[in-house]
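*Asks:* Below you'll find the structure I mean.
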């Protein structure tokens, strides 16, 4: 069956089974390889994209469940205010080591800042708990999120 969904502001159509994970359609059908394959069980976060601004695991999201929702991938997250701030912070604080998990990390972090522009350490830990980094860059990730949040301005919540 043909499914048409909006990805990064553009409608795309794929003739696939409805239970096909969004991850495979993004990567294999539409060539958007920034979203990474990790565990295929929704446990590592490497495949994180945003569905109407919320972080979701694309390996566990069948295309038939997307409907009229809008998908944002790492290829376009820099076009959003929160995504641009997170990407700048990632560069400023030299967060990546190997970099494999970082697209998923950035997608989760930017979704956090949209919903909570001044997160506490606990808020950051909760939002990022499903994203695994084998290189252990968690301290740099937390600092980058704080750095991006500080660039938003206004009062901060307590840590």
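The values are calculated or read from the model by the stated rules, or taken from the named source; none is laboratory data. Since we're looking at a predicted model, the values are computed, not measured. Heads up, the Cβs are rebuilt from the backbone with ideal geometry, glycines too, and the neighbour counts pull from every protein chain shown.
*Asks:* Given the criteria under 11 Å from the mean Cα position of the chain (by Cα), touching a residue at least 12 places away in the same chain (Cβ under 8 Å) and not in a helix (DSSP H, G or I), does residue 111 qualify?
*Replies:* It is false that residue 111 is under 11 Å from the mean Cα position of the chain (by Cα), touching a residue at least 12 places away in the same chain (Cβ under 8 Å) and not in a helix (DSSP H, G or I).
*Asks:* Could you tell me which numbered condition residue 68 fails, if it satisfies all but one of (1) part of a loop (DSSP other than H, G, I, E, B); (2) at pLDDT 95 or above; (3) not assigned by TED's automatic domain parsing to the domain that holds residue 14?
*Replies:* So the condition that residue 68 fails would be (3).
*Asks:* Turning to a different aspect of this structure: All but one of (1) touching a helix residue (DSSP H, G or I) at 6+ places or on another chain (Cβ under 6 Å); (2) in the same structural domain as residue 146 (by TED's automatic domain parsing) hold for residue 92, so report the exception by its number.
*Replies:* So the condition that residue 92 fails would be (1).
*Asks:* Same structure again: Of the conditions (1) within 24 Å of residue 132 (Cβ to Cβ); (2) surrounded by fewer than 22 Cβ atoms within 10 Å (Cβ to Cβ); (3) out of contact with any helix residue (DSSP H, G or I) (no Cβ under 7 Å at 6 or more places or on another chain); (4) not assigned by TED's automatic domain parsing to the domain that holds residue 132, residue 57 fails just one. Which one is it?
*Replies:* So the condition that residue 57 fails would be (2).
*Asks:* Would you please name the residue that is surrounded by the most Cβ atoms within 10 Å (Cβ to Cβ), looking only at residues in the stretch 5-22 that are in contact with a strand residue (DSSP E or B) (Cβ under 8 Å, 6 or more places away or on another chain) and over 16 Å from residue 68 (Cα atoms)?
*Replies:* The extreme case among them is 21.
*Asks:* Within the stretch 126-139, which residues are assigned to a helix (DSSP H, G or I) and either touching a strand residue (DSSP E or B) at 6+ places or on another chain (Cβ under 7 Å) or under 17 Å from residue 107 (Cβ atoms) (or both)?
*Replies:* Those that are assigned to a helix (DSSP H, G or I) and either touching a strand residue (DSSP E or B) at 6+ places or on another chain (Cβ under 7 Å) or under 17 Å from residue 107 (Cβ atoms) (or both): 126, 127, 128, 138.
*Asks:* Only one residue in 87, 105, 97 is free of Cβ contacts under 8 Å to residues at least 60 places away in the same chain, part of a helix (DSSP H, G or I) and in the same structural domain as residue 135 (by TED's automatic domain parsing). Which one?
*Replies:* Answer to the selection: 87.
*Asks:* Just to be sure before I move on: is residue 92 more than 16 Å from the chain's Cα centre (by Cα) and loosely packed, with under 14 Cβ neighbours inside 10 Å in the structure I sent?
*Replies:* Yes: the conditions hold for residue 92.
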